[in-house]
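The values are calculated or read from the model by the stated rules, or taken from the named source; none is laboratory data. Predicted model, so just to flag it, every value in this text is computed and none were measured. For neighbour counting, all protein chains shown are included, and Cβ atoms are generated from backbone atoms with ideal geometry for every residue, glycine included. Surface areas here come from the heavy atoms of the whole protein model, side chains and all, with no ligands, DNA or RNA. Shrake-Rupley method; radii C 1.70, N 1.55, O 1.52, S 1.80 Å.
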Amino acid sequence: KDTTMKNDEPFCSNLPITQPVAESNTRTGMQRSTTGSDQASHAMTLANGGEPMGRREVEKHLEASLPPSIVSSIKPVLSSDYDLLAYTIEGPVAVDDIQAAIETIEEFSQPASAREIGELIAMVYAMTAQRNQDQITMDLAITSFGRKLMEYPADVVRETMTKWPDRSTWFPAWHDLKGELDWRNNRGKMREALEKKLMDLNKFNTIRKF
């Protein structure tokens, strides 16, 4: 992996290494979605002049849509190279705020369409060399890639796939591609931290009942 590539802008505005994020959504015209993922996706497209937003733009708009208590209590865990490894939730946070944050992250993490994913895979295939595999094996691999890519946010997939031919001569093995996807998927790391905090709170509340 190219060690010069740093995740130097993890989305969390209370980090000193992060550029300030707008205090509200007024400038972009975005409002927090209350009717599901379709509305969030539509808002993200409109806010960028009809074009899908890039990963960091989506992350900034997501942060502006999270409950303030979540933004102030979530802390990054960074590697020695300042790559974002995980998040932790510090201090007391209301269960309702955690649940609202998880729902918001889901709304901002919708996958790309099957058609777009197919086009991205075809682009990488055309721009890279393939190892010695028969066509059936390659077709199966591409089909499997498509299914796995549906598990990631659309903007994360777009960025990973469009940058891959500049980073490698070869069509990727899934292990290598997954590493790039996970490295960029800050929303997944944030959701994991929130779900862990929610589980801990539920356990604590259950114990208190006895």
Point to revise | Under 5 Å, built H, 5+ apart or other chain: amide partners of VAL77 | key: LEU85, ALA86, TYR87, THR88
Review point. Could you give the length gained on full extension between ASN202 and ALA94, defined as 0.36 nm per residue of separation minus the Cα-Cα distance, in nm?
Key: 37.7 nm
Review point. How large is the accessible surface per residue of the range 129-210, computed with a 1.4 Å probe and reported in Å² as a whole number?
Key: 61 Å²
Revision key, fill the gap. With x for Gly and Pro, the residue-by-residue ³J(HN,Hα) of the range 188-193, computed from phi through the Karplus equation 6.51 cos²θ - 1.76 cosθ + 1.60 at θ = phi - 60° and given in whole Hz, is x, 5, 5, 5, 4, 5
Point to revise | Dipole magnitude (debye, nearest 20) for the range 68-162, charges at Cβ of Lys, Arg, Asp, Glu | key: 360 debye
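Which of the trypsin sites (Lys or Arg not before Pro) across the range 105-198 are loop residues per DSSP, with 15 or fewer other Cβ within 10 Å? Mind showing how you got there, number by number?
Details: sites: ARG115, ARG131, ARG147, LYS148, ARG158, LYS163, ARG167, LYS178, ARG184, ARG187, LYS189, ARG191, LYS196, LYS197; in loops: ARG131.
Listed in order of number, the matching sites are ARG131.
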Point to revise | Distance between modelled label sites at GLU116 and TYR82, nm, 7 Å Cα→Cβ extension | key: 3.0 nm
Check your understanding: So what are the ³J(HN,Hα) numbers for the range 126-138, from phi and the Karplus equation (6.51, -1.76, 1.60; θ = phi - 60°), rounded to whole Hz, Gly and Pro as x?
Key -> 6, 9, 10, 8, 10, 6, 5, 10, 6, 5, 4, 4, 5
Review point. Using a probe of 1.4 angstrom, how much of the accessible area of the range 69-168 is carbon and sulfur, in percent?
Key: 53 percent
